[in-house]
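Report on the following structure.
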Amino acid sequence: MVGGVKLVAPDGGWGWMVVLGMSINNLITIPILQNFGLLFRDVFRLKALDMSVREASIIINTNSAFGYVLGVLNGPILRTLGFRKVAISGGLMMFVGLFVTSFANNFALFFVFYGLINSLGIGWSMASFHLALSTYFVKRRGMAMGIAMTITGLGPVFMPLVISYLMGLFGARGTTLLLSGLVLHCVLCGQLLQPIKWHRKRIVINEANGSEKQPDEEKAMLNANSDVDARRSKRISVEVEAELNGEKKDIEMKNLAAPEEQEENLLKGSASGKAEKAREVNERWYTKVVRTFDLDLLRDPAFLSMCVGMAIALASDMNFSLMLPLILGDYQFNTTTTAILQSVVGAADILSRLFTPFIINKTKLSARFAYLLALFGLIISRFWLTLTYDFTWVMVVVAFFGACKGVRSVFMPLVIPNYVPLDKLPSAQGLQNIMHGLFLMMLGPLIGYLRDRTGNYILCIHVMNSLTALTIFLWALEFVYMRKQKKNTFEDQADVER
């Protein structure tokens, strides 16, 4: 704020170009990730590769998890380089990973270039675009995310059919080579992420009463962020005061001690002086790490519950989505039929993304509650799939699954940004991503192992549903705990007033 002028997010303008760049980037990368099972389903079955379902699951989940695990570095990297450079670097890594994968002929090459390098590129790219959109939009953030997710949903509709057609002409490896060239367009999308300082709006402040001429909804958003910071600062200050009070009590007890005891305490103090200095250095190093990565967020029970719950649900949903082509293969559907069913999932996905924001806007449901409703729908659709093998009913089931998936995709990226302040958002998303990666690496190979042991996917689907239900249960516990804490706080305040 300089000279009676405050700079705020544009909530439009060039921000719509950011939405376009994010939409095209996701339109390309997400369908390629989702259709890896369709692309290499026949390749994995070749005797020359000798890959089990567990090894294929390791490759798929490593690709999903590696970028997430390194997501804890996204905050410092984005703050240092900016979202534009990080997005361009991510696009180049995705190209290299897919290009080499098109020539891979063993598990190690698939693991390194598709599982690691391509995954890191996807993680950097998506983190950059999500931060850019959250930076450019405040009041219209939900609308911007809904538009981006709706355009993104076009990819799963058409990409399975395109991949199936190209595989008939060029095979799996030739198709992968063409897709690596398509990924280069993500580098151009990264160029659209111009620095926010070029496009901020200037708001004149009324110097007479110190008020600002800005929309009421933006004020509400800023006040909400200020409340979050105030609550967190109050909690930290209380802890610091408690520590200081503890130190004061120690000093008072030492002053009341006998002269012999005071002398003994002085000798002990001089002997442990070096140890205390070393401990102070370690504390300063620890404090610096906490400040750099905003690890104090992990002390917030609500934030921790959000991250863990979404990580468990994402691991379940992503494993089902990535294995859906293999599941349909077990149902004796050929590649063309599988591609059609994948497109039905994508069509239902995009339709739900298109209409969900308007429905939620009318009902005034929070992003977190809408996300929970989507999880209930995913559980029902996956369980329903275990009960039918008829093509018509399978098409109905996957359409319902796609609709629930669309709702989840719209509101999942809004859960964390609607809770944490903007200055901590990169680190919050990084912590969320590292939990996503850890749970994917733990649960993905387990599901593949169950498939190898049982010989079918029915048990795997039940395990995935149980994991999703665990998220709902965890959030319910967190809700009850926070309500109880709030009630106790009110009771304590009432006792003090009395």
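The values are calculated or read from the model by the stated rules, or taken from the named source; none is laboratory data. Just so it is clear, the structure is predicted and the values come from calculations on it, not from any experiment. With ideal geometry, Cβ positions are generated from the backbone for all residues, glycine too; neighbour counts draw on all protein chains shown. Protein only, heavy atoms only, side chains kept; ligands, DNA and RNA dropped before computing areas. Shrake-Rupley method; radii C 1.70, N 1.55, O 1.52, S 1.80 Å.
Modelled spin-label separation between residue 392 and residue 103, with each label point placed 7 Å from Cα along the Cα-to-Cβ direction: 5.1 nm. Segment residue 456..residue 422, full-extension length gain: 7.7 nm, with 0.36 nm per residue of separation and the alpha-carbon distance subtracted. Near residue 193: Cβ cut-off under 13 Å, other residues only, Lys/Arg at +1 and Asp/Glu at -1. The net charge is +3.
Kindly report the accessible area of segment 352-439 per residue (heavy atoms of protein chains, probe 1.4 Å, no ligands, DNA or RNA), in Å².
On the way: 3710 Å² over 88 residues.
With the other protein chains kept in place, segment 352-439 gives 42 Å² per residue.
Put a dot 7 Å past the Cα of residue 287, heading toward its Cβ, do the same for residue 481, and the two dots end up 2.8 nm apart. Once neighbouring chains are kept in place and the probe is 1.4 Å, which whole percent of the accessible area of segment 290-444 is contributed by carbon and sulfur? Of all accessible area on segment 290-444, carbon and sulfur atoms account for 73 percent. Here segment 365-467 is described by how far its Cα atoms reach on the three principal axes: 50, 31, 17 Å, from widest to narrowest.
I'd like the FRET efficiency for residue 380 and residue 355, computed as 1/(1 + (r/R0)^6) with the beta carbon distance as r and R0 of 22 Å, rounded to 0.05. Before the final figure, lay out each step's value.
Details: r = 19 Å, r/R0 = 0.88.
In this case the efficiency is close to 0.70.
Length gained on full extension, residue 362 to residue 16, computed as 0.36 nm times the residue gap minus the Cα-Cα distance: 122.2 nm. Local charge for residue 151 was computed over the other residues whose Cβ lies under 14 Å away, with Lys and Arg +1 and Asp and Glu -1, and equals 0. May I ask you to derive the FRET efficiency for residue 73 and residue 336 from their Cβ-Cβ distance with R0 = 35 Å, giving the value to the nearest 0.05? After rounding, the FRET efficiency stands at 0.25. Shown is the FRET efficiency for residue 369 and residue 295, computed with R0 = 41 Å from the Cβ-Cβ distance and rounded to the nearest 0.05: 0.90.
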